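Working notes, structure below.
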Amino acid sequence: MQLKNNNQSLLQKIAPFIGLILIIVIITILNPGFLSVSNLMNVLRQVSINALIAFGMTFVILTGGIDLSVGATLALTGAVTAGMMASGIDPIFAMLLGLLLGAILGAINGIIIAKGKVAPFIATLATMTIYRGLTLVYTDGRPISGLGDSLTFQMLGKGYFLGIPIPVVTMIASFGILYFILKKTTFGRRVYAIGGNEEASILSGINADRIKIYVYSLLGLLAALASLILTSRLNSAQPTAGEMFELDAIAAVVLGGTSLTGGRGWIVGTLIGALIIGVLNNGLNLIGVPSFFQQVVKGAVILLAVLLDRKKTT
Amino acid sequence: MIKMTDISKSFSGNKVLKSVHFNLEKGEIHALMGENGAGKSTLMKVMSGIYTRDSGTIEVKGQKVDFTSPKQAEEAGIAVIHQELNILPHLSIADNLFLGREETIGRTGILKTKQMEKKTRQILLDLGLDVNPSEPASTLSVGKQQIVEIAKAISVDAEVIIMDEPTAALTDREIDSLFKTIRELQKRGVSFIYISHRMEEIFSLCDRITILRDGEFVGERKISETSFDEIVQMMVGRELGDRFPERKSTIGEIKLAVKGLNRKDCFEDISFELRRGEVLSIAGLMGAGRTEVAQSLFGYKKLDGGTIEFDGKQVKIDTPRKAKEMGIGYVTEDRKSEGLVVDFTVEENVSMTNFAAISKNGLISKDKERKLYDNMVKRLGIRTSGPDQTAKSLSGGNQQKVVIAKWLGIEPELLILDEPTRGVDVGAKKEIYSIINELAERGVAILMISSELPEVIGMADRVLVMHEGKITAELPKEEMTQERIMHFATGGGKLAVEKQ
Ligand SMILES: Nc1ncnc2c1ncn2[C@@H]1O[C@H](COP(=O)(O)OP(=O)(O)OP(=O)(O)O)[C@@H](O)[C@H]1O
Ligand SMILES: [Mg+2]
């Protein structure tokens, strides 16, 4: 879990990093343009949305859970926020409500899982369908645009801060905060404890239900944040937004070495996992791999990485 | 039969075995003793190919061997029953027994379920266990699961059977039938290596004994030519003195009073009082409902009826968190599944119950955490290679101490201990008894569940005996004898006079 822990050897921890470097080297050899500053910024901006969701997913997976509904959560919060903005509500207020909605949708998942004792996979499979359905109902299946020209909102997806895209700044700031939470707070420790041994945690006086609800809420909140960035970038909310995002997020977490059974892993790995996926997406385009074939390569890389990881653990 | 010479083994630079010798003769029962962390389990894992040794040689029947997997050892006739059980809880009892060598119709892979169940039933009956082999293994108590493990080793026709603390979770009756089986197999020429911390067992069962201390070979003796004291001396390297240290506590006012507690299918009509500074023990056979009572008191299992008074006030304890806030601690019975996060470091495990003490506004203070850890390691004499050692890689007895350490940190007012010295060596047992005494002297009320009768008699001020979910007797210190406790634990006549 943490760096000092013998349980995940140093080699195991830096393996994803080595993988990332390897992929970057290969892509750069095939197309040196990859390393241009503008392209790298581009990669980071593309990565930011998946990374935000994957950070939240890391918490969920560390507790031994999973959330398939994040893509739909992103779509629903994006649509509702855009709807409010289009109808003239103060954009900042609308965005805050959007974030709140994300946290609530997450909390609903958490409550079903913790209090209803439903397996996370099933619970979020169901809410995924519900949230997506609600999005379609709300938007009537059409994109929502005409979101006004609020500077804050426009900056969120398209702006720069000291030459760095705002989404990237958001990603880095979130990473810092979440890293700190996992590493230094009792909440973070409890997340690991529940994933490591839920029974022992409860018997130690830890309120496991509450931690789980918080963790899913956090993921919902981050999905909503990602949806604001996406909506701002596109200047509209798409009812089909975020489809398959849950899988990219889970892939990033697993690539980063976090165990799907919970209790073991770290968020630094997730950041690297998200970068691997982002670099692949961008790089395969750059070196001209046909888009249908890109999927095959991406899947194969994920599989390879996870297989190597398993080899080391046993 | 087996000859191990100059075996050394280290884990990440930590020397755990240092040039150890071990000799097993055909048809003997050879005890292996040593303190917690002395390296007994590690030596056996080296022998059976789970760990690779750093140096030394192993000969089986005069031939040098190099097992690289337990499977190879098994093929050479060496079966191991590990300290930590290897039962798959969702599989049936029969499936567990035949795991990896299922009987099938030809090579079709279709299982002869009926036949395996019949054989299972017979093998277990021979061991004195009457169960339905098609039930999932999780329905069995830990003790009975242990017997299934033993049956598994017996049924592969092993020539050498290694038992790593097989009786830690067994009742006296189960132990009796296990010993009978061992002696019978011995007559047929099977050799045993027997690891245990229970001196009485070693003396009644074994022929020879090898003693390890801190990973070193200390000596080998014939049981008939040694004594209790000599072995303890060899194990701990000094005189130990009395087995049960003296306690000078004053028994104060009532801390806990329960009336008519019941939980469906677990226990009924449980009433007792527990005073400050008192050590109250609950004795009984495995499955008598003792652990369930403890779990209900701790808010982990729901009660169906009855009242609990704490400090004279009626309370409802519905979560362990609430129990903890009230000052109740609970050292659980099964350290691996209930007590520890095995992937956590020792330090992190100790912290789990003590977030209030080591954090401020949700931020963990590394200094305070380390201080708590240092404190506990010193107070309990926990043997670790450092705060960052994972709980998983500790020896069994030290794991137990970590679980106790978790609860000492909260400075409990009422401490429930469920089999607190299971798998703990003599020296450490005494340390744990001293800690219990020290707590009692400070006015902590102690509720101690134990299946080891000498421990109950040596430690308790009063004992409640349970049988099939009911309290069948309450005996004050003067009236405690092994025979009487066993009498009531097995449901023997509930005499009217006894209840007064
Ligand atoms: N996989 C491992 N990695 C690191 N250290 C280990 C590992 N396994 C055992 N050890 C260490 O080796 C020492 C000996 O452990 P071992 O389990 O052999 O003790 P033991 O004599 O069986 O004790 P007990 O009576 O408590 O079961 C202990 O200090 C333990 O912490
Ligand atoms: Mg051991």
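The values are calculated or read from the model by the stated rules, or taken from the named source; none is laboratory data. The structure displayed is predicted, hence computed values, not measured ones. Heads up, the Cβs are rebuilt from the backbone with ideal geometry, glycines too, and the neighbour counts pull from every protein chain shown. Just the protein is used for accessible areas: all its heavy atoms, side chains included, with ligands, DNA and RNA removed. Shrake-Rupley method; radii C 1.70, N 1.55, O 1.52, S 1.80 Å.
Provide the percentage of antiparallel DSSP beta bridges, counting only those with both residues in chain B; round to the nearest 5.
55 percent
Net charge around A:GLY220, counting only other residues with Cβ within less than 14 Å of its Cβ (Lys, Arg = +1; Asp, Glu = -1)?
Residues close to A:GLY220 contribute a combined charge of -1.
Count the DSSP beta bridges whose two residues both fall in region B:2-236, then state the antiparallel fraction as a percent rounded to the nearest 5.
55 percent
Find how much the distance from A:LEU40 to A:PHE121 grows on full extension, using 0.36 nm per residue of separation minus their present alpha carbon separation; answer in nm with one decimal.
Extending this stretch completely gives an extra 25.7 nm.
Please list, or write none, the lysines whose alpha carbon is within less than 23 Å of the alpha carbon of B:LYS180, excluding same-chain residues fewer than 8 places away.
Here the lysines satisfying the reach criterion relative to B:LYS180 are B:LYS26, B:LYS118, B:LYS119, B:LYS144, B:LYS152, B:LYS222.
Give the A-B buried accessible area in Å², both sides summed, 1.4 Å probe, nearest 100.
Counting protein atoms only, the buried area is about 2500 Å².
What per residue convex hull volume, in Å³, do the alpha-carbon atoms of region A:208-307 yield?
Convex hull volume per residue, Cα atoms: 125 Å³.
What nm distance separates the two modelled labels at B:ARG101 and B:LYS368, each placed 7 Å from Cα along Cα→Cβ?
Label at B:ARG101, label at B:LYS368, 5.6 nm between them.
Regarding region B:382-500, what whole-number volume in Å³ per residue does the convex hull of its Cα atoms give?
Cα-based convex hull of region B:382-500, divided per residue, equals 128 Å³.
How big is the Cα convex hull of chain A in projection, averaged over all directions, in nm²?
Taking the Cα atoms of chain A, their convex hull projects to 16.4 nm² on average.
Between the chain alone and the structure with every protein chain in place, find the residues of region A:192-208 that drop at least 40 Å² of accessible area; heavy atoms, 1.4 Å probe.
A:ASN197, A:GLU199, A:ALA200, A:ILE202, A:LEU203, A:SER204, A:GLY205
Which GluC sites (Glu not before Pro) from region B:40-93 combine a DSSP loop assignment with at most 15 other Cβ atoms within 10 Å?
Here the sparse-neighbourhood loop sites are B:GLU84.
Just counting partner chain Cβ atoms within 10 Å, what average do the residues of peptide B:353-365 show around their Cβ?
Going residue by residue through B:353-365 and averaging, the value is 4.
Taking every Cα atom in region B:254-496, find the radius of gyration and the maximum pairwise distance Dmax, and write them in Å.
Radius of gyration, then largest Cα-Cα span, for region B:254-496: 17.8, 58 Å.
Check which residues have an amide H placed less than 5 Å from B:VAL16's amide H, if you skip close sequence neighbours.
So B:VAL16 has HN proximity to B:LYS9, B:SER10, B:PHE11.
With the full set of protein chains in place, find how many percent of the accessible area of region B:254-377 is carbon and sulfur; take the probe as 1.4 Å.
Carbon-and-sulfur percentage of accessible area, whole number: 46.
Can you give the convex hull volume per residue for the Cα atoms of region B:2-236, as a whole number of Å³?
In region B:2-236, the Cα hull volume divided by residue count equals 132 Å³.
Taking θ = phi - 60°, what integer Hz values does the Karplus form 6.51 cos²θ - 1.76 cosθ + 1.60 yield along region B:77-90, in sequence order, with x for Gly and Pro?
Calculated HN-Hα couplings, in order: x, 10, 10, 10, 10, 7, 4, 8, 5, 10, 8, 8, x, 8 Hz.
Considering only DSSP beta bridges whose two residues both sit in the protein assembly as shown, what percent are antiparallel, to the nearest 5?
The answer is about 60 percent antiparallel.
Once you put a point 7 Å from the Cα of B:LYS259 and another 7 Å from the Cα of A:PHE93, both along the Cβ direction, what distance in nm separates them?
Those two pseudo-labels are separated by 5.9 nm.
Could you derive backbone 3J(HN,Hα) for region A:255-262 from the dihedral phi with the Karplus parameters 6.51, -1.76 and 1.60 (θ = phi - 60°), listing whole Hz in sequence and x where the residue is Gly or Pro?
Per-residue couplings from phi come out as 4, x, x, 7, 7, 5, 8, x Hz.
What residues have an amide H closer than 5 Å to that of B:VAL218, excluding those fewer than 5 places away on the same chain, when H is modeled at 1.01 Å from N in the peptide plane?
B:ILE211, B:LEU212, B:ARG213
Over its Cα atoms, what ratio of radius of gyration to 2.2 N^0.38 Å does chain B give?
Ratio of Rg to 2.2 N^0.38 Å for chain B: 1.00.
Which lysines, if any, have their Cα less than 26 Å from the Cα of A:LYS117, not counting same-chain residues under 8 positions apart?
Within reach: A:LYS212, B:LYS264, B:LYS301, B:LYS302, B:LYS316, B:LYS322, B:LYS324, B:LYS336.
If you take the beta carbon distance between B:ASP311 and B:GLU200 as r and set R0 to 41 Å, what does 1/(1 + (r/R0)^6) give as a FRET efficiency, to the nearest 0.05?
0.55
How large is the helix-only mean residue ellipticity at 222 nm for the protein assembly as shown, computed as the sum of -39500 (n - 2.57) over DSSP H runs with n ≥ 4, divided by its residue count, in deg cm²/dmol to the nearest 500?
-15500 deg cm²/dmol
Loop-only trypsin sites (Lys or Arg not before Pro) in region B:282-347, please: DSSP not H, G, I, E or B, and at most 15 other Cβ atoms within 10 Å.
Loop-located and lightly packed - B:LYS301, B:LYS302, B:LYS316.
Residue by residue through region B:363-368, which ³J(HN,Hα) values in whole Hz follow from phi under the Karplus form 6.51 cos²θ - 1.76 cosθ + 1.60 (θ = phi - 60°), with glycine and proline marked x?
With coefficients 6.51, -1.76 and 1.60, one gets 9, 7, 8, 4, 4, 5 Hz.
Under 5 Å between amide hydrogens, which residues at least 5 positions from B:VAL463 or on another chain qualify, with H placed 1.01 Å from N in the peptide plane?
Amide H neighbours of B:VAL463, under 5 Å, 5+ apart: B:SER281, B:LEU475.
Explain nothing, just the number: relative contact order of region B:389-500, from Cα pairs under 8 Å at least 6 residues apart, as a whole percent.
RCO, region B:389-500: 19 percent.
Mind checking B:398-407 for the average number of partner chain beta-carbons within 10 Å of each residue's beta-carbon?
Mean number of neighbouring Cβ atoms from other chains: 1.
For region B:254-496, what's the relative contact order in percent, using C-alpha pairs closer than 8 Å and at least 6 residues apart?
28 percent
Over region B:277-345, give the accessible area per residue in Å² for a 1.4 Å probe, as an integer.
Accessible area per residue, region B:277-345: 35 Å².
Could you pull the Rg and Dmax for the protein assembly as shown, using just the Cα atoms, both in Å?
Here Rg and the maximum Cα pair distance are 30.5, 96 Å.
Near B:LYS470, which aspartates and glutamates are there with a Cα under 13 Å away, not counting those fewer than 8 places off in the same chain?
Within reach: B:ASP265, B:GLU268, B:ASP269, B:GLU292.
Per-residue counts of other Cβ atoms within 10 Å, averaged by peptide: what ranking do you get for A:256-266, A:107-117, A:172-182, B:419-429, highest first?
Output ranking for A:256-266, A:107-117, A:172-182, B:419-429: B:419-429, A:256-266, A:107-117, A:172-182.
Over the Cα atoms, compute the radius of gyration (one decimal) and Dmax (the largest Cα-Cα distance, rounded to a whole number) for region B:158-238, in Å.
Calculated on Cα positions, Rg and Dmax stand at 13.2, 39 Å.
If all Cα-Cα distances of region B:222-324 are sorted into 5 Å bins from 0 onward, what percent lands in each bin, rounded to whole numbers?
Taking every Cα pair in region B:222-324, the percentages come to 2, 10, 16, 16, 13, 9, 8, 7, 8, 7, 3, 0.
For the pair B:LEU111 and B:ASP172, how long in nm is the line joining their label points, each one 7 Å along Cα→Cβ?
Taking the simple label geometry, B:LEU111 and B:ASP172 are separated by 3.8 nm.
Send over the Kirkwood Rh of region B:116-263, from the inverse of the averaged 1/r over different Cα pairs, rounded to one decimal Å.
That comes to 18.5 Å for region B:116-263.
Compute the relative contact order of chain B as a whole-number percentage, counting only Cα pairs closer than 8 Å that sit 6 or more residues apart in sequence.
Over chain B, the number comes to 16 percent.
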